[in-house]
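Engineer: First, the structure itself, so that you have it in front of you.
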Amino acid sequence: MVRTDPNLLQVTDLTVQFKVKRGLFGRDSYTVKAVNGVDFSIGAGETFGLVGESGSGKSTIGKALLRLVDVTTGNILLNGQPVQDLKGRMLDFRRDLQVVFQDPYSSLNPSMLVGDIVGEPLTIHYGLKGAERDAKVAGLLEKVGLASDQIERFPSEFSGGQRQRIAIARALALEPKLIVCDEPVSALDVSTQSQVISLLEELQENLGLAYLFIAHDLAVVRHISHRIGVMYLGQLMETGPAERVYEAPAHPYTKMLLTAVPVADPVIQKQRKAERRKLPVTELPSPTNLPTGCPFNTRCAHAMDICRSDAPPRREVAGGGWAACHLTDF
Ligand SMILES: Nc1ncnc2c1ncn2[C@@H]1O[C@H](COP(=O)(O)OP(=O)(O)OP(=O)(O)O)[C@@H](O)[C@H]1O
Ligand SMILES: [Mg+2]
């Protein structure tokens, strides 16, 4: 069920640039334009899937929400409040927004017991200790499908999927409204991936959580997401309801991403392969030196002169959402 209250997270014209200093006295410094004018919102209980190739700026968006990188320009509102300027609301912010990272092998402190990993936020925020905290942690472990008596174990005693469940239990401890899931299943084998995704869906259903779900692959985000945003070189190229983006992609870049996803229907698979063969073979441009006009123009089979000079307008797509493209017949 799609809930459309847009007020939980509102990202407007977000830009994040990294200044990289190189050479003596920073003489060869350059700027990485990691995120360039991104807009999206996430409603309570909703999943927004963010997809795109490596380096397209997905994690940087997640880090900007979590305040792990500085915003260059633009606004991020959580519950209507700017996250760049929290003024004494830091604890509320940490409660409402949590994160689950890709690699459960490095994101969990190997020298901490599971009870301490999951219970730490409860101690920091509510001062819970001892038996009271352990009881809460046991409940959280049960919620994520782990036995409640595993508090005195180390992460190394668990499989990848179980470790990701521990990371999810920790993220749930403060009853957040939104969890940034940055490729949470990419390091797991395929059958474990679907179990962890089912768990995230079940938790969303029961707790009304919202997710920003980041992945490379459209196939992974398709089922969990209500809406999808497709990133390329720091820009959103297309956004819309998940089924519409997957079944009827409008932007040539989204179509290209989909050619990499295997489909059951051999006719569609053949069409997609043919579409992929039409693409010019070029390198991915660098975010330090973005192409003018549409960022995808160097790789697009349909590129026209205007695509190399003018930024594309966002055109509405039948079935919902928009695509930033000069083409008029998607
Ligand atoms: N701290 C930093 N300093 C300089 N450049 C950075 C920094 N962090 C990210 N970048 C650059 O910003 C761009 C976007 O990176 P980001 O990690 O957001 O991409 P991504 O879409 O998450 O990629 P992946 O799918 O590989 O995780 C890349 O070119 C990356 O090299
Ligand atoms: Mg990333």
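Engineer: What's the total number of residues in the stretch 126-147 that are closer than 14 Å to residue 174 by Cα and not hydrophobic (A, V, I, L, M, F, W, C)?
Structural biologist: Within the stretch 126-147, residues that are closer than 14 Å to residue 174 by Cα and not hydrophobic (A, V, I, L, M, F, W, C) number 6.
Engineer: Taking the stretch 12-51, which residues are more than 30 Å from residue 205 (Cβ to Cβ) and among the hydroxyl-bearing types (Ser, Thr, Tyr)?
Structural biologist: Once the filter is applied, which keeps residues that are more than 30 Å from residue 205 (Cβ to Cβ) and among the hydroxyl-bearing types (Ser, Thr, Tyr), the stretch 12-51 yields 15, 29, 30, 31.
Engineer: Considering every residue within the stretch 136-144, establish whether at least one is part of a helix (DSSP H, G or I), on the phi < 0 side of the Ramachandran plot, in contact with a Phe, Trp or Tyr (Cβ under 8 Å, 6 or more places away or on another chain) and touching a residue at least 60 places away in the same chain (Cβ under 8 Å). Outline the logic, then answer.
Structural biologist: We begin by selecting, within the stretch 136-144, every residue part of a helix (DSSP H, G or I); these are 136-143.
Narrowing further to those that are on the phi < 0 side of the Ramachandran plot: 136-143.
Then drop every residue that is not in contact with a Phe, Trp or Tyr (Cβ under 8 Å, 6 or more places away or on another chain), which leaves none.
Looking for residues that are part of a helix (DSSP H, G or I), on the phi < 0 side of the Ramachandran plot, in contact with a Phe, Trp or Tyr (Cβ under 8 Å, 6 or more places away or on another chain) and touching a residue at least 60 places away in the same chain (Cβ under 8 Å), one finds none in the stretch 136-144, hence no.
Engineer: Being surrounded by 14 or more Cβ atoms within 10 Å (Cβ to Cβ), within 12 Å of ligand 1 (Cβ to nearest atom) and of a type outside the set (Val, Ile, Thr) is true for just one of 74, 52. Which residue is that?
Structural biologist: Residue meeting the stated conditions: 52.
Engineer: Next up: Would you list the strands (runs of 3 or more DSSP E) that sit entirely within the stretch 190-262 and hold 1 or more residues that are more than 16 Å from ligand 1 (Cβ to nearest atom) and more than 30 Å from residue 166 (Cβ to Cβ)?
Structural biologist: Filter on the stretch 190-262 gives 235-241.
To keep it simple, each residue is scored yes or no on (1) among the aliphatic types (A, V, I, L, M); (2) modelled with pLDDT of 95 or more.
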{"site": "160", "(1), (2)": "no, no"}
{"site": "179", "(1), (2)": "yes, yes"}
{"site": "193", "(1), (2)": "no, no"}
{"site": "204", "(1), (2)": "no, yes"}
{"site": "212", "(1), (2)": "yes, yes"}
{"site": "217", "(1), (2)": "no, no"}
{"site": "225", "(1), (2)": "no, yes"}
{"site": "228", "(1), (2)": "yes, yes"}
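Engineer: Outside any loop (DSSP other than H, G, I, E, B), surrounded by fewer than 21 Cβ atoms within 10 Å (Cβ to Cβ) and at pLDDT 90 or above: is that true of residue 268 in this structure? Outline the logic, then answer.
Structural biologist: Details: outside any loop (DSSP other than H, G, I, E, B): yes; surrounded by fewer than 21 Cβ atoms within 10 Å (Cβ to Cβ): yes; at pLDDT 90 or above: no.
No, not satisfied.
Engineer: Please work out which one of (1) assigned to a loop (DSSP other than H, G, I, E, B); (2) of a type outside the set (D, E, K, R); (3) in contact with a Cys (Cβ under 9 Å, 6 or more places away or on another chain) is the condition residue 62 fails and give its number.
Structural biologist: (1)
Engineer: From (1) surrounded by 22 or more Cβ atoms within 10 Å (Cβ to Cβ); (2) not in a helix (DSSP H, G or I), pick out the condition that doesn't hold for residue 163.
Structural biologist: (2)
Engineer: A follow-up question, please. Find all pairs meeting these conditions: Cβ atoms under 6 angstrom apart; at least six residues apart or on different chains; first residue within the stretch 181-192 and buried (at least 16 other Cβ atoms within 10 Å of the Cβ); second residue of a type in the set (Asp, Glu) and in a loop (DSSP other than H, G, I, E, B).
Structural biologist: As it stands, the answer is 187/103, since those pairs meet every condition given.
Engineer: Being in a loop (DSSP other than H, G, I, E, B) and within 16 Å of ligand 2 (Cβ to nearest atom) narrows it down to one of 56, 111, 106, so name that one.
Structural biologist: Values: 111 fails: within 16 Å of ligand 2 (Cβ to nearest atom); 106 fails: in a loop (DSSP other than H, G, I, E, B).
56 is the lone residue from the list that is in a loop (DSSP other than H, G, I, E, B) and within 16 Å of ligand 2 (Cβ to nearest atom).
Engineer: Among the residues of the stretch 65-87, is there at least one that is within 20 Å of residue 287 (Cα to Cα), assigned to a strand (DSSP E or B) and among the hydroxyl-bearing types (Ser, Thr, Tyr)?
Structural biologist: Yes, the stretch 65-87 contains at least one residue that is within 20 Å of residue 287 (Cα to Cα), assigned to a strand (DSSP E or B) and among the hydroxyl-bearing types (Ser, Thr, Tyr).
The values are calculated or read from the model by the stated rules, or taken from the named source; none is laboratory data. Since the model is a prediction, treat every value here as computed from it, not as a measurement. As a convention, Cβ positions derive from the backbone with ideal geometry for all residues, glycine included, and neighbour counts pool all protein chains shown.
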